[in-house]
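Worksheet: the structure to be examined is printed underneath.
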Amino acid sequence: MRPNLRSRLERIREAPPLRPGISKDPRGPIGKRDHPSPGLPPQALDQGWVPFADLVARRTQRFPVHPPSYDKSLDPALQVLLREIGAWAAEEATLPKEGLVFFDLETTGLSGGAGTLAFLAAVGRFEGPALVVDQYLLLDYPGEADFIQTLLETLGEGANLVTYNGKSFDAQLFSSRCLMNGFRPPTFRHLDLLYPVRRLWGRRIPSCSLTEVERSVLRLDRGEDLGGAFAPEAWFEFLKEGTWDRVGRIADHNQRDILALLKILDVLNRIAADPATAEEEYPFDTEALAFSWRRLSRPGAVSLSPYSNEILAEAPQRASALLNLAVSRGYVVATLVKAKEYLATRAYDRARELLGWIVQHGETMETAKVPRRQASRVALRAQSCRLLSVDAERRLGDRVLALEWTERALSQRDLLPQTFREKLERRRERLQSPPH
């Protein structure tokens with residue numbers, strides 16, 4: 001240990017306690033303490049918190065849950081939304097729910113810098129028909145080593161960790177605090193639900209915060225929940241004044257986050273297993289899911305580890321069904337892709353019908369109100385007009401109609417990419433010239 005760190009720890013041990021009942025010696029073994037109380041007020045004991053390790057308290061709660069869609073095993077198709085599932089599927093024949101570990105941290109800051117530490121953790125696991133949630137609360141700074149060691153023992157090695165934005169924050173912070181306390185960070189397979197949520201609802205809801213997803217997708221209301229943004233202030237208040245009310249509410253918020261992860265994973269699994277049925281109850285971006293499956297249908301997708309051969313074999317059929325569903329829901333890009341498929345198979349009437357719909361209705365879509373997306377929609381309509389112009393010229397032999405479609409494509413030329421605009425202008429010049 002470096003002299004400066006040793007001297008700092010000695011000063012901590014020799015200093016008077018912050019408040020009665022709180023020891024400053026971080027060296028005591030887990031479960032052993034030299035004072036009768038860990039500093040938990042009566043309200044905390046009433047809420048189920050008990051002393052567990054030196055300056056660490058624990059609360060265990062069991063929540064009977066209705067059988068989720070993955071009551072026996074996760075659907076293998078879920079790996080299209082969560083690639084890490086594929087690595088798990090490659091190791092085990094089934095993906096049992098008992099192999100999942102739901103994890104969430106509350107911290108002293110949102111930046112994740114060196115001065116930020118976790119003071120509250122929740123770990124959820126299935127035990128039969130119930131979800132058991134263990135929570136661990138750090139009662140003061142010197143107990144962090146015991147807090148970290150407790151979490152390491154609870155999580156275990158190689159867990160299938162389910163988080164929300166955990167890859168960017170929780171896991172990174174936990175690993176850094178492990179290293180700063182002399183522990184080797186654990187290895188685990190990380191199922192971060194934020195990424196599939198963004199894919200399926202990023203264009204449909206105001207934000208992809210966990211609270212917003214609960215409200216807009218799951219249709220759940222937490223009532224007077226004290227949000228995680230208040231966590232640092234609540235814990236610092238507890239350290240300084242010993243007041244429990246707000247840190248107790250943060251603990252309840254932390255526990256609800258675990259239950260929210262359970263519900264979100266259930267919805268994602270339902271969507272993976274039966275998109276059309278799930279979309280009726282939880283409307284999602286069918287276009288985004290269709291394109292996820294289409295990427296696996298392309299030549300060379302077999303090299304995109306870790307997708308299983310079973311999923312790759314199903315990809316073309318699933319992609320086609322989802323593309324049709326997206327077209328029926330009015331997604332413009334999906335409609336244009338479907339129209340191109342019709343043109344390639346010489347289903348000209350169907351192609352013209354879809355392309356005409358894009359030209360007529362594309363500008364009325366809600367996303368057209370956003371300037372960046374408006375330019376994208378204009379480009380899509382212009383592409384549709386161009387395809388209709390090509391069809392009119394080559395198949396119908398109607399140069400006048402072809403010119404009309406080209407003019408419509410150029411009607412908002414200032415919003416078109418320069419290269420595409422120049423191609424349309426050359427096409428217009430050619431159509432305006434007498435045929436050779």
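Can you spot a residue in segment 147-155 that is assigned by TED's automatic domain parsing to the domain that holds residue 51 and modelled with pLDDT under 90?
Step one: of segment 147-155, the residues assigned by TED's automatic domain parsing to the domain that holds residue 51 are 147-155.
Narrowing further to those that are modelled with pLDDT under 90: none.
No, segment 147-155 contains no residue that is assigned by TED's automatic domain parsing to the domain that holds residue 51 and modelled with pLDDT under 90.
Among the listed residues 290, 321, 315, identify the single one that is among the hydrophobic types (A, V, I, L, M, F, W, C) and surrounded by fewer than 17 Cβ atoms within 10 Å (Cβ to Cβ).
Values: 290 fails: surrounded by fewer than 17 Cβ atoms within 10 Å (Cβ to Cβ); 315 fails: surrounded by fewer than 17 Cβ atoms within 10 Å (Cβ to Cβ).
Unique residue meeting the criteria: 321.
Quick check on segment 68-85. Is at least one of its residues of a type in the set (Gly, Ala, Ser) and either modelled with pLDDT of 85 or more or outside the structural domain of residue 234 (by TED's automatic domain parsing) (or both)? Spell out the reasoning first.
Step one: filter segment 68-85 for residues of a type in the set (Gly, Ala, Ser), giving 69, 73, 77.
From the residues that got through so far, the ones that are either modelled with pLDDT of 85 or more or outside the structural domain of residue 234 (by TED's automatic domain parsing) (or both) too are 77.
Yes: one or more hits.
Please find, among 292, 308, the residue that is in contact with a Gly (Cβ under 8 Å, 6 or more places away or on another chain), modelled with pLDDT under 95 and under 11 Å from residue 80 (Cβ atoms).
On the way: 292 fails: in contact with a Gly (Cβ under 8 Å, 6 or more places away or on another chain).
None of the others qualify; the one that does is 308.
When only residues in segment 160-173 that are touching a helix residue (DSSP H, G or I) at 6+ places or on another chain (Cβ under 6 Å) and assigned to a strand (DSSP E or B) count, which is surrounded by the fewest Cβ atoms within 10 Å (Cβ to Cβ)? Give the steps one after another, and end with the answer.
Initial filter on segment 160-173 (touching a helix residue (DSSP H, G or I) at 6+ places or on another chain (Cβ under 6 Å)): 160, 162-165.
Still in the list and also assigned to a strand (DSSP E or B): 160, 162-163.
On the way: 160: 21, 162: 23, 163: 23.
So the residue we want is 160.
Just name the residue that is surrounded by the most Cβ atoms within 10 Å (Cβ to Cβ) out of those in segment 352-365 that are in a helix (DSSP H, G or I) and at pLDDT below 55.
First, pick out the residues of segment 352-365 that are in a helix (DSSP H, G or I): 352-364.
Subset that is at pLDDT below 55: 363-364.
Values: 363: 14, 364: 9.
Restricting to residues being in a helix (DSSP H, G or I) and at pLDDT below 55, the top hit is 363.
Residues in segment 143-151: is at least one free of Cβ contacts under 8 Å to residues at least 40 places away in the same chain and in contact with a helix residue (DSSP H, G or I) (Cβ under 8 Å, 6 or more places away or on another chain)?
yes
Look through segment 197-208, keep the residues that are within 9 Å of the chain's Cα centre (by Cα) and either not assigned by TED's automatic domain parsing to the domain that holds residue 169 or not β-branched (Val, Ile, Thr) (or both), and return whichever of them is surrounded by the fewest Cβ atoms within 10 Å (Cβ to Cβ).
From segment 197-208, those within 9 Å of the chain's Cα centre (by Cα) are 197-199, 208; that's our starting set.
Okay, now just the ones that are also either not assigned by TED's automatic domain parsing to the domain that holds residue 169 or not β-branched (Val, Ile, Thr) (or both), so 198-199, 208.
Working: 198: 15, 199: 18, 208: 21.
Among residues in segment 197-208 that are within 9 Å of the chain's Cα centre (by Cα) and either not assigned by TED's automatic domain parsing to the domain that holds residue 169 or not β-branched (Val, Ile, Thr) (or both), the one surrounded by the fewest Cβ atoms within 10 Å (Cβ to Cβ) is 198.
Could you tell me how many of the residues in segment 366-391 are hydrophobic (A, V, I, L, M, F, W, C) and at pLDDT 85 or above? Full working, then the answer.
Residues of segment 366-391 hydrophobic (A, V, I, L, M, F, W, C): 368, 370, 375, 378-380, 382, 385, 387-388, 390.
Subsequent filtering for residues that are at pLDDT 85 or above retains 382, 385, 387-388, 390.
Residues meeting the conditions: 5.
Looking at segment 174-189, which of its residues are within 18 Å of the chain's Cα centre (by Cα) and either under 20 Å from residue 110 (Cα atoms) or in a loop (DSSP other than H, G, I, E, B) (or both)? If you could, list the steps in order and put the result at the bottom.
Keep residues of segment 174-189 that are within 18 Å of the chain's Cα centre (by Cα), which gives 188-189.
Hits for segment 174-189: nothing passes.
When you check residue 98 against the structure, is it modelled with pLDDT under 95 and under 24 Å from residue 196 (Cα atoms), yes or no? Give the derivation first.
Values: modelled with pLDDT under 95: yes; under 24 Å from residue 196 (Cα atoms): yes.
So residue 98 passes the test.
Mind telling me which of the residues 170, 192 ends up being of a type outside the set (Gly, Ala, Ser), touching a residue at least 12 places away in the same chain (Cβ under 8 Å) and closer than 16 Å to residue 268 by Cβ?
Numbers: 170 fails: closer than 16 Å to residue 268 by Cβ.
Answer to the selection: 192.
Looking only at segment 209-239, filter to residues that are touching a His at 6+ places or on another chain (Cβ under 7 Å) and not in a helix (DSSP H, G or I); which one of those is surrounded by the most Cβ atoms within 10 Å (Cβ to Cβ)?
If we filter segment 209-239 for residues that are touching a His at 6+ places or on another chain (Cβ under 7 Å), which is where we start, we get 225-228.
Now drop any that are not not in a helix (DSSP H, G or I), which leaves 225-227.
Values: 225: 15, 226: 19, 227: 13.
The selected residue is 226.
Yes/no matrix, rows are residues, columns are (1) crowded, with 18+ Cβ neighbours inside 10 Å; (2) of a type in the set (S, T, N, Q); (3) outside the structural domain of residue 353 (by TED's automatic domain parsing); (4) out of contact with any helix residue (DSSP H, G or I) (no Cβ under 7 Å at 6 or more places or on another chain):
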site	(1), (2), (3), (4)
377	yes, no, no, no
382	yes, no, no, no
390	no, no, no, yes
395	no, no, no, no
411	no, yes, no, yes
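Residue under question is residue 6, and the condition is that it be at pLDDT below 80 and either of a type in the set (Lys, Arg) or in contact with a Pro (Cβ under 9 Å, 6 or more places away or on another chain) (or both); does it hold? Walk me through how you get there before you give the answer.
Working: at pLDDT below 80: yes; either of a type in the set (Lys, Arg) or in contact with a Pro (Cβ under 9 Å, 6 or more places away or on another chain) (or both): yes.
Criteria met by residue 6.
The values are calculated or read from the model by the stated rules, or taken from the named source; none is laboratory data. The shown structure was predicted, so the numbers you read here are calculated from the model rather than taken from an experiment. Note that we place each Cβ from the backbone using ideal geometry, even for glycine, and neighbour counts take in every protein chain shown.
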